Amino acid sequence: MPTEEARTAIELNVNGITHRLDVSPRWSLADVLRHQLGLTGTHVGCEQGVCGACTVWLDGLPVRSCLMFGVQAQGHQVTTVEGITPSTGLSPLQTAFQEHHALQCGFCTPGMLLTAQALLDRNPKAEEGEIRAALSGNLCRCTGYQFIVDAVLAARDAGRDA
Amino acid sequence: MKPAAFEYIQAASVEEAIQALADHPQAKILAGGQSLVPLMNFRLNRPGMLVDVNNIDDLATIAVKDAGLAIGSLVRHQRLVEDALIGDRLPILAQAASHIGHWAIRNRGTIGGSLAHADPAAELVALMIALNGTLVVRSHRGVRRLTADEFFLGYFTTALEPTEIIVQCEIPAPTGRMGFSEVVRRPGDFALAGAIVAQSGAAGWVTWFGLGSRPERFSVSHWGQDDGERHAMLGELATRMMLAEDEEYKRDIAVNAAMRAYRQIKEGK
Ligand SMILES: Cc1cc2nc3c(=O)[nH]c(=O)nc-3n(C[C@H](O)[C@H](O)[C@H](O)COP(=O)(O)OP(=O)(O)OC[C@H]3O[C@@H](n4cnc5c(N)ncnc54)[C@H](O)[C@@H]3O)c2cc1C
Ligand code: FES
Ligand code: FES
């Protein structure tokens with residue numbers, strides 16, 4: 001990135017940690033997360049809001065980090081896929097993805113996980129139709145989606161038993 | 001791709017925002033960013049300055065006004081879907097908003113941004129035209145009130161001046177019962193075509209979106225005795241919105257959307 005661009009000092013809260021950063025206003029939140037903070041779990045695909053690979057949570061709700069500028073995330077809590085991953089092992093939803101073969105190349109997976117986890121957090125009894133509707137904003141080129149839906153259903157049912 | 005460089009201001013109040021627009025001719029409002037930022041990422045739009053209005057709480061209000069609702073321009077689509085007051089007084093607005101994009105898009109996109117963007121297939125533009133809502137806009141010169149008919153001029157074109165900001169949308173409560181239907185290839189896509197219809201007694205109206213250069217509302221003097229009559233009547237009306245012969249397919253979709261929307265009323269949904 002060119003260094004001559006004017007930078008703005010911001011405080012960014014990501015996964016519970018506050019970072020002080022100098023950013024150019026034109027840098028997307030996705031690029032700030034990846035390039036400034038090394039949080040490369042957030043993937044960048046289309047940069048036009050369509051694919052969902054860059055999905056993160058802003059104050060607990062899924063948003064496109066390619067359609068927000070890093071400067072705009074000041075004063076909010078940003079959560080990335082690293083933030084919903086336990087320090088050792090996998091979350092129940094991640095385990096369900098593994099067990100149900102819900103990923104192949106894995107490019108879509110962080111966005112899928114964040115969307116599905118946000119849905120289950122808000123609605124632990126989400127029905128298959130609601131799960132499919134929520135995931136319709138995340139594209140996957142590999143799995144054909146069925147295994148992803150299976151995984152989310154399994155995580156939902158495991159959560160219900162717990 | 002990445003956007004061109006721009007100056008960035010966070011406006012703390014409507015006054016600050018309109019002052020910035022007055023002082024900087026190259027400035028543009030940044031609301032939810034769900035239409036503007038894709039254009040900037042592809043360098044189809046290169047504003048020299050962005051005035052971010054996301055922190056202006058005064059623009060994020062929903063209130064009862066006369067028989068309808070006054071909705072601040074910064075109210076996000078997902079809130080339109082979930083808000084209790086809207087569900088109670090203007091459920092058709094919640095229904096329309098639920099068809100916008102995907103959850104993550106609705107969590108950011110705003111009603112003001114959708115109306116300023118004026119996509120001919122936008123659900124909220126259609127609803128404003130269907131219910132003949134009023135847009136309240138402000139600049140350093142003062143306040144203007146424009147009806148939806150005056151505001152929407154055509155393809156992505158409105159009567160908004162570059163120095164003006166939409167502050168509020170006033171939507172009167174509908175008379176009669178209403179239905180909404182749209183046809184999309186996948187959930188979350190922009191509609192190929194859609195319809196909002198109303199019925200009171202034998203008469204009512206239909207508003208189509210996604211065909212033509214902006215949504216249009218047509219009076220219906222008689223909804224017809226049966227599906228056949230209704231289909232023929234709607235087909236004739238929809239022809240008036242066709243821009244070219246090759247839109248025949250779209251016209252068929254539009255007619256079917258209106259039929260479905262009407263059926264919704266009949267089924268009491
Ligand atoms: C994948 C995807 C799918 C989508 N699907 C749909 C869909 O099915 N239906 C649909 O209707 N929309 C859809 N959208 C667009 C979405 O509704 C946008 O939220 C909306 O069009 C713009 O609102 P915004 O708040 O994001 O505005 P922004 O992108 O911030 O701004 C859009 C334009 O409006 C101007 N503006 C914004 N606020 C104001 C204001 N208060 N006063 C004056 N000017 C203002 C900006 O300067 C800019 O020119 C989709 C978007 C994406 C990315
Ligand atoms: S990269 Fe953000 S939605 Fe595709
Ligand atoms: S696993 Fe490859 S895109 Fe989904």
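The values are calculated or read from the model by the stated rules, or taken from the named source; none is laboratory data. Treat the numbers as computed from the prediction; the structure is a model and nothing was measured. Quick reminder, even Gly has a Cβ in these numbers, built from the backbone with ideal geometry, and neighbours come from all protein chains shown. Please note that ligands, DNA and RNA were not included when accessible areas were found on the heavy atoms of the full protein model with its side chains. Shrake-Rupley method; radii C 1.70, N 1.55, O 1.52, S 1.80 Å.
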Of all residues in the range B:167-190, how many are within 13 Å of ligand 1 (Cβ to nearest atom) and open to solvent by 10 Å² or more (accessible area, probe 1.4 Å)? 11
Which residue pairs have Cβ atoms under 9 Å apart, sit 6 or more places apart or on different chains, and have a first residue in the range A:101-113 that is touching a residue at least 24 places away in the same chain (Cβ under 8 Å) and among the hydrophobic types (A, V, I, L, M, F, W, C) and a second that is within 16 Å of ligand 2 (Cβ to nearest atom) and open to solvent by 80 Å² or more (accessible area, probe 1.4 Å)? A:CYS105/A:ARG141; A:PHE107/A:ARG141; A:CYS108/A:ARG141
Can you report the number of residues in the range B:180-203 which are closer than 18 Å to B:ILE129 by Cβ and within 16 Å of ligand 2 (Cβ to nearest atom)? 1
Listed by first then second residue, the pairs whose first member lies in the range A:36-54 and is aliphatic (A, V, I, L, M), whose partner is within 10 Å of ligand 1 (Cβ to nearest atom), with beta carbons under 7 Å and at least 6 positions apart or on separate chains, are A:VAL44/A:CYS66
Would it be correct to say that A:LEU135 is within 12 Å of chain B (Cβ to nearest Cβ) and closer than 27 Å to B:ASN55 by Cβ? no
Single residue of B:VAL136, B:VAL125 found to be open to solvent by 10 Å² or more (accessible area, probe 1.4 Å) and either of a type in the set (Asp, Glu) or modelled with pLDDT of 95 or more (or both): B:VAL136
Which one is nearest to the other protein chains (Cβ to nearest Cβ) among residues in the range A:138-161 that are within 15 Å of A:GLY52 (Cα to Cα) and more than 16 Å from ligand 1 (Cβ to nearest atom)? A:TYR145
Qualifying helices (runs of 4 or more DSSP H) (wholly inside the range B:1-114; at least 2 residues being surrounded by fewer than 24 Cβ atoms within 10 Å (Cβ to Cβ)): B:14-23, B:36-41, B:77-82, B:84-89, B:91-98
Could you tell me which of the residues B:LEU90, B:LEU69 is away from chain A (no Cβ under 13 Å), in contact (Cβ under 8 Å) with a residue 60 or more places away in the chain and touching a helix residue (DSSP H, G or I) at 6+ places or on another chain (Cβ under 8 Å)? B:LEU69
Can you pull out the residues in the range A:107-133 that are among the hydrophobic types (A, V, I, L, M, F, W, C) and either outside any helix (DSSP H, G or I) or surrounded by fewer than 24 Cβ atoms within 10 Å (Cβ to Cβ) (or both)? A:PHE107, A:CYS108, A:ALA118, A:LEU119, A:LEU120, A:ALA126, A:ILE131, A:ALA133
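Sort through A:CYS66, A:CYS51 and tell me the only one that's touching an Asp or Glu at 6+ places or on another chain (Cβ under 8 Å) and within 16 Å of ligand 1 (Cβ to nearest atom).
On the way: A:CYS51 fails: touching an Asp or Glu at 6+ places or on another chain (Cβ under 8 Å).
Step by step, each of A:CYS66, A:CYS51 is checked, and only A:CYS66 is touching an Asp or Glu at 6+ places or on another chain (Cβ under 8 Å) and within 16 Å of ligand 1 (Cβ to nearest atom).
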Filter the range B:28-42 down to the residues that are within 11 Å of another protein chain (Cβ to nearest Cβ), farther than 18 Å from B:ALA122 by Cβ and either among the basic types (Lys, Arg) or touching a Pro at 6+ places or on another chain (Cβ under 8 Å) (or both) and list them by number. B:MET40, B:ASN41
So for the range B:120-132 (the condition being over 27 Å from A:GLY60 (Cβ atoms) and within 14 Å of chain A (Cβ to nearest Cβ)), does at least one residue qualify? no
Enumerate the strands (runs of 3 or more DSSP E) found wholly within the range A:1-106, keeping only those where 1 or more residues are within 16 Å of ligand 3 (Cβ to nearest atom) and open to solvent by less than 50 Å² (accessible area, probe 1.4 Å). A:55-58
